[in-house]
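Down below is the structure, laid out as structure tokens.
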Amino acid sequence: MTSIVKIKTKQKADSYEIRIGAGLRNFAGPWAAETASNPAGRIAVISNKKVFGLYGEAAEKSLAGAGFKPLVHLIGDGERYKNLKTLENTLKFLSGSGISRTDTILALGGGVVGDLAGFAAAVYLRGIDFLQVPTTLLSMIDSSVGGKTGINSSFGKNLIGAFYQPRGVLIDTETLTTLPRRELTAGFCEAVKQGAIGGQNLFDKTAAFLESFDRKKLAQKDTEFTLSLASMLAAQVSFKARIVAGDERESVSKMDARSRKILNFGHTFGHALEKVTNYRYFKHGEAVGHGIRFAAELSKNLGLLAQDEVKLLNDVLRRAGTLPPIADIDPLEVFATFKFDKKLINNSLNWILLKRIGEPVIFPHSDIPLAALKSAFKNTARA
């Protein structure tokens, strides 16, 4: 059974579909031929060694069988490879392979692959077709949806990038069976984040799925469990699709609960943790997990969020898995990186906090005492 979520954008030509189901990777070729502008051209498959070793041969065969000429470029595995050097090497590969404006880029991998491949597609020859086949839970529900692409730099995470929508996204739930537990935890943290800002129904659905999650059923491709997983993914993607449709490019002036900015809940602190540890200590979703805890504690410290809501959020987050400890990280070093956050507007940082589960609020950093930040860090570190 395949679920389809439609992403609507202001430019109708940029709207696209996200297909979710088990075993869909085996049909990557026919899907790409149906989705890309030129089904008979070259297709640059950008992946990493690990993912390509699992799914690359089948993808190449399917794409070639559908009439494409697949060309493969592998990048490093990990957030630290999402940088200018990797981007330059990717662009060189595209040029050296003769990729033209009528050809296509296909991202096969997690968020790093998708973000970098999407940005390469946006800037190469001023833009060519781009397809996403995300293979991690986090990339399925977050980075593959909404058209944000980019790379990290010495001065911050995702500060170099572009809004560039893919032509389509193909989510195969079976790829999750090969993920290490940490990768699943990272994705689950992102799911909790979206549940926390998306409303009580999405939060409850996410919490219930995490409560019933069984790694054995995932590995065995249990039919009932697979349908439950697909349903949870569709609910997560549908929520983000609604936010993106109303605020595709994250308008600076839009400051209500329907602003795309709310998707950054947990990310200000999470990005700071990633930066001070040189993108080597955390999976992105793990850092977001700590960011959720920090934002909840900060919301409580500012009198916005009740303690029982903080406890509920933390209880559900624990179901996602164990996070790397942060007790040895200097909080002042973390706070110093806030000035590099991409959410700065008129030199002012805005936090995404909570009034209650499902009710996010945009709160100015200038109104937050340092003591509230320190207390939130202390409680987050010992959670």
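No value in this document is a laboratory result; all are computed from the given coordinates. Everything numeric in this text was worked out from a predicted model, so none of it was measured. Methodologically, a virtual Cβ is constructed for each residue, glycine included, from the backbone with ideal geometry; neighbour enumeration extends over all protein chains shown.
Tabulated data
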read-out: Kirkwood-type radius of the range 103-193, with distances r between different C-alpha atoms, in Å; value: 13.3
read-out: All-pairs alpha carbon distance profile, the range 200-247, 10 Å steps from 0, percent; value: 25, 46, 23, 7
read-out: Equivalent ellipsoid dimensions for the chain as semi-axes, Å, which come from the Cα gyration tensor, largest first; value: 33, 23, 19
read-out: Bridge type composition, the chain - antiparallel percent by DSSP, nearest 5; value: 40
read-out: Distance from the range 274-320 to the range 177-240 (C-alpha centre basis), Å; value: 18
read-out: Cα-based convex hull, the range 3-178, per residue volume (Å³, whole number); value: 101
read-out: All Cα pairs of the range 172-215, percent lying beyond 14 Å; value: 53
read-out: Kirkwood hydrodynamic radius of the range 238-335, from inverse mean 1/r over distinct Cα pairs, in Å; value: 14.8
read-out: Size of charge dipole - the chain - debye, nearest 20, with Cβ of Lys, Arg +1 and Asp, Glu -1, no other charges; value: 380
read-out: Charge context of Arg101, other residues only, Cβ under 13 angstrom, K/R +1, D/E -1; value: 0
read-out: Inter-label distance, nm, simple model (7 Å from Cα along the C-beta direction), Thr223/Lys254; value: 4.2
read-out: For the range 268-320, size of Cβ-based charge dipole, Lys and Arg +1, Asp and Glu -1, in debye; value: 200
read-out: Highest to lowest packing among 168-174, 100-106, 283-289, scored as the average C-beta count within 10 Å; value: 283-289, 168-174, 100-106
read-out: Packing rank of 299-309, 182-192, where each peptide gets the mean count of other beta carbons within 10 Å, highest leading; value: 182-192, 299-309
read-out: Residue order, fewest to most surrounding Cβ atoms within 10 angstrom, among Glu359, Glu211; value: Glu211, Glu359
read-out: Dipole magnitude of the range 3-178 about its Cα centre (Cβ charges: Lys, Arg +1; Asp, Glu -1), debye to nearest 20; value: 380
read-out: For Tyr281, Tyr81, order by how many other beta-carbon atoms lie within 10 Å, fewest first; value: Tyr281, Tyr81
